[in-house]
Ligand code: PAF
């Protein structure tokens with residue numbers, strides 16, 4: 001299974017390929033419970049016909065595109081809350097987000113009971129939250145993380161990139177460039193907290209209006225660590241105008 005919110009791009013298609021299975025269910029559902037009232041639920045791009053055409057080009061997997069009423073019928077009162085990797089980072093800025101994601105992902109996986117489900121590493125914290133969710137609730141689905149698909153200039157593919165105008169699109173490419181520098185500094189033994197602070201300043205320097213976080217964390221738990229023996233992940237979120245972009249990479 002490949003759970004998506006539609007507005008499919010090449011990154012989503014790479015997730016379908018990464019499933020490596022003859023039968024793949026792609027779900028397309030813009031999940032209202034993972035958006036706060038002030039966020040972009042109403043304007044989130046929706047193009048079911050275009051999505052179906054794209055999926056056909058890669059072998060027409062099965063598509064599950066429920067309505068909000070089908071997913072959340074009258075009286076729906078359950079929410080799945082995951083601790084552990086959902087603490088901090090995205091949660092500091094989008095406190096509603098992971099409960100919405102965990103609830104809908106649990107429903108989708110239990111409805112389809114796939115052998116494996118593929119999630120992009122672009123939403124790295126989400127990937128760890130989903131891994132924790134299936135372990136904790138004994139959902140019999142293997143979770144596969146697939147590499148980030150990028151545009152030629154390094155920008156991570158995202159349905160929200162369509163919000164960017166030409167000026168913002170140029171600035172957006174700076175996110176990946178700045179993170180690559182910061183990862184390089186961290187890899188060559190630089191102080192991790194200094195690397196984070198420098199990257200934050202550089203993101204503002206290249207034109208981001210605000211930076212929610214730049215953080216180097218334990219790649220498996222997302223806890224703060226300075227232990228050089230642990231695998232590390234650099235994660236960031238920053239805004240240009242109304243658009244919030246995220247990116248991350250291994251160190
Ligand atoms: O990553 C997404 O597109 C969504 O958060 C997901 C996993 C489909 C849940 O709505």
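Taken together, the values in this text are just the output of simple stated rules run on the coordinates, not laboratory data. If you're wondering where the values come from, they're calculated on a predicted model, not measured in any experiment. Here the Cβ is made from the backbone with ideal geometry for all residues, glycine too, and neighbour counts use every protein chain on show.
Would you work out if segment 96-149 is rounded, prolate or oblate? Take a ≥ b ≥ c from the square roots of the eigenvalues of the alpha-carbon gyration tensor; rounded if a/c is under 1.5, else prolate when a/b is larger than b/c, oblate otherwise. The shape class here is oblate.
Debye-formula intensities of the chain, expressed as log10 I(q)/I(0) at q = 0.11, 0.13, 0.14 Å⁻¹, are -0.60, -0.85, -0.99 (one equal scatterer per alpha-carbon, no solvent). Using a/c under 1.5 as the rounded threshold, could you call segment 195-251 rounded, prolate or oblate? The axes a ≥ b ≥ c are square roots of the C-alpha gyration tensor eigenvalues, and prolate needs a/b larger than b/c, oblate otherwise. Judged from the Cα gyration tensor, segment 195-251 comes out prolate (a/c at least 1.5, a/b above b/c). When peptides 121-128, 43-50, 193-200, 18-25 are sorted by average Cβ neighbour count within 10 Å, with the highest value leading, the order is 121-128, 193-200, 18-25, 43-50.
Across all Cα pairs in segment 5-107, the calculated P(r) in 5 Å bins from zero up to the longest distance comes to 2, 11, 19, 20, 19, 17, 9, 3, 0 percent per bin. How far is helix 97-112 tilted off the main Cα axis of the chain, in degrees rounded to 10, range 0 to 90? For 97-112 against the chain, the angle is about 40 degrees.
Between 0 and 90 degrees, the angle of helix 166-187 with respect to the longest Cα principal axis of the chain falls at about 70 degrees. Against the chain, whose longest principal axis is taken from its Cα atoms, helix 10-19 shows a tilt of about 70°. The relative contact order of the chain, computed from alpha carbon pairs under 8 Å that lie at least 6 residues apart in sequence, is 17 percent. DSSP finds beta bridges in the chain, and of those with both partners inside it, around 60 percent are antiparallel. Where the alpha-carbon atoms of segment 86-211 are placed on the principal axes, they occupy 46, 36, 27 Å, in descending order. Pair-distance distribution P(r) for segment 118-188, from all Cα-Cα distances in 5 Å bins starting at 0: 3, 14, 17, 18, 16, 13, 10, 6, 2, 0 percent. A protection proxy built from the mean count of other Cβ atoms within 10 Å ranks the segments 133-140, 203-210, most packed first, as 203-210, 133-140.
With the cut-off at 1.5 for a/c, could you classify segment 71-117 from its C-alpha gyration tensor as rounded, prolate or oblate? In terms of gyration-tensor shape, oblate.
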